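Just below is one structure, and these are the notes that go with it.
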Amino acid sequence: MTALSAIALQNVHLSLGEGAGRVHILKGIDLAIEQGTAVGLIGPSGSGKSTLLMVMAGLERADKGSVRVAGTDLSPLSEDGLARFRGQNVGIIFQSFHLVPNMTALENVAVPLELAGDREAFSKATRELEAVGLSHRLHHYPAQMSGGEQQRVAVARALVVEPKILIADEPTGNLDESTGNQIVELMFSAQKARNMTLVLVTHDPALARRCDRMIRVRSGEIEQEDQPHQISAEEVPA
């Protein structure tokens, strides 16, 4: 891992499931991602790309191999240690928002800061929600907001900890095209303004082409890496 690498994986293997149902998902992944770059992971459904993303976030543990993120070896960390690491270094955006339904937008965004003992949690959360255009929704609950607004809350929650790395798993998958484009603009603007590393899983060829690097995953292995200009819409797997 070079000094500028944000993520470095070496010979990473991961199997999920129990007994006869155990499936070898990731098969010897080697990957280095430089700080401040945007990387898109594409591939067929079931290829392992979302699992690979979860390994980078410390939400899944590799069975074998080395996983270093933001200069930290994740292997020896306890579950509590991984949670603290994520809270300080990694912002995560999911397709299905993952907001707490009985918390307001403000409370949802403040949660990771509160867990870290930040006394300015609510003022920082307010500023982040204002930055994503939701100053009028601070005290609304998820059920009172549209899908696009909920995803904006999720983006604000991911960014409020000022992460070095932003990870997004199909962030526009549950949104219409116009709303999805707005979320994309928020992510890429934040990535550039804050010099974050962005790693995202997507089926959207337009979104894929906006990244600095494009990595194709198939059957748990890195099949190919392309520069975005080399990819046509027809080549991006559905």
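The values are calculated or read from the model by the stated rules, or taken from the named source; none is laboratory data. The model shown is predicted, which means the values in this text are computed figures rather than measured ones. Here the Cβ positions follow ideal geometry from the backbone for every residue, glycine too, while neighbour counts run over all protein chains shown. The accessibility values were calculated without ligands, DNA or RNA, using every heavy atom of the protein model including side chains. Shrake-Rupley method; radii C 1.70, N 1.55, O 1.52, S 1.80 Å.
Some notes on this structure:
- Scanning the range 85-95 for residues that are touching a helix residue (DSSP H, G or I) at 6+ places or on another chain (Cβ under 9 Å) and surrounded by fewer than 17 Cβ atoms within 10 Å (Cβ to Cβ) yields a total of 0.
- Taking the criterion of being closer than 15 Å to THR37 by Cβ and either open to solvent by less than 50 Å² (accessible area, probe 1.4 Å) or touching a Pro at 6+ places or on another chain (Cβ under 7 Å) (or both), the residues of the range 175-206 that qualify are MET187, PHE188, ALA190, GLN191, MET196, THR197, LEU198, VAL199, LEU200.
- Candidate set from the range 115-174 (those that are touching a residue at least 12 places away in the same chain (Cβ under 8 Å) and among the polar types (S, T, N, Q)); member that is most open to solvent (accessible area, probe 1.4 Å): ASN174
- Matching residues in the range 98-114 - criterion: being open to solvent by less than 90 Å² (accessible area, probe 1.4 Å) and either farther than 11 Å from ARG157 by Cα or not hydrophobic (A, V, I, L, M, F, W, C) (or both): VAL100, MET103, THR104, GLU107, ASN108, PRO112
- Total residues in the range 38-83, condition touching an Asp or Glu at 6+ places or on another chain (Cβ under 8 Å) and not small (Gly, Ala, Ser): 5
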